[in-house]
Amino acid sequence: MQSTAFIVGIFEFVLLLFSLSFHECAHAWMASRLGDQTARLQGRITLNPMVHVDPIGTLLIPALAIFGPFMGFNFFSGFLIGWAKPTPVITRNFQKIVRDDNLTTLAGPVSNLVLVAAAFAGLVVVCFAVPGGRALVHANLSGGLAIGSGLQPLVLLALLAIEVNLSLFFFNLLPFPPLDGSRVLRNMLPYGAVQVFDRINIWISYLLMIVVGGFILRLLIGPSLGLIFTALMSI
């Protein structure tokens, strides 16, 4: 069981690297489409994780969350979160600054929903098109592993992709700087409130993420995963 959990942890880590790269690539692509080529010129429209990696948000925090329990460190257990190097955006290059900035910002979380939908669709295809596929998916949903099945790694990856990207979707919509949700909120505030908002200390923001954000994420992720997994079990 220990070795199985470790393998699942490696799968989660690889998925997180890809999902964060996809997220930042979506920001860069949308900014480019709307007129700001800053990120494109810096090579950020790519899925190469080396371009997007942030030492703390992409490596340290996720590694502690995934592999910490093997060493008795459970502070980050419960859900997998992380962040990549922010995508550079110069808003004055947009034609409609607020609208285009919001679209560029929301492209990241939406990209995570796209990955959730793709993983879900893949599992539906396995259920209907692969002999024994329904039983394989249901076994994984129940916490079991179908040893000897060639599709086992792919099914497990798809289920983990749903969990990881759903966590990233909700996490990035939290209204705490420097997360995507905070940028959308900032664009809605009057000028005076923006000045106060911009002076929020980054360490206060991190504390809010851990204390308040963790509570909000648990309220949102659990029921959302429950709906998705119930839909798969009903197939």
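The values are calculated or read from the model by the stated rules, or taken from the named source; none is laboratory data. Since this is a predicted model, take the numbers as computed values, not measurements. Quick reminder, even Gly has a Cβ in these numbers, built from the backbone with ideal geometry, and neighbours come from all protein chains shown. Protein only, heavy atoms only, side chains kept; ligands, DNA and RNA dropped before computing areas. Shrake-Rupley method; radii C 1.70, N 1.55, O 1.52, S 1.80 Å.
What the table below lists for this structure:
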item: Contour excess over end-to-end distance, with Cα ends at residue 91 and residue 103 and 0.36 nm allotted per residue; result: 3.2 nm
item: Fraction in percent of alpha-carbon pairs per bin - 5 Å, segment 1-234; result: 1, 6, 13, 16, 18, 16, 12, 8, 5, 3, 1, 0, 0
item: Size of charge dipole - segment 1-234 - debye, nearest 20, with Cβ of Lys, Arg +1 and Asp, Glu -1, no other charges; result: 360
item: Carbon + sulfur, % of accessible area of segment 102-234 - ligands and nucleic acids excluded, 1.4 Å; result: 74
item: Nearest-ten-degree value, helix 214-233 long axis tilted from longest Cα axis of the chain; result: 40
item: Summed side-chain charge close to residue 185 - residues other than residue 185 whose Cβ falls under 13 Å, Lys, Arg +1, Asp, Glu -1; result: -1
item: Extended-chain gain in nm, criterion 0.36 nm per residue less alpha-carbon gap, residue 204 and residue 233; result: 6.3 nm
item: Extension gain (nm, one decimal) between residue 50 and residue 7, 0.36 nm per residue minus Cα-Cα; result: 13.2 nm
item: For segment 1-234, accessible area per residue (1.4 Å probe, heavy atoms of protein chains only), Å²; result: 52
item: Inter-centroid distance (Cα atoms) of segment 135-195 relative to segment 80-128, Å; result: 11
item: Crossing angle, helix 97-129 versus the chain [Cα axis fit, 0-90 degrees, rounded to tens]; result: 10
item: GNM top mover of 216, 61, 200 - the chain, alpha-carbon springs below 10 Å; result: 200
item: FRET efficiency, residue 151 to residue 196 (Cβ-Cβ, R0 35 Å, nearest 0.05); result: 0.10
item: Between 0 and 90°, nearest 10: helix 2-33 axis offset from the chain longest Cα axis; result: 40
item: At R0 = 22 Å, FRET efficiency that the Cβ-Cβ distance of residue 63 and residue 18 yields, to 0.05; result: 0.90
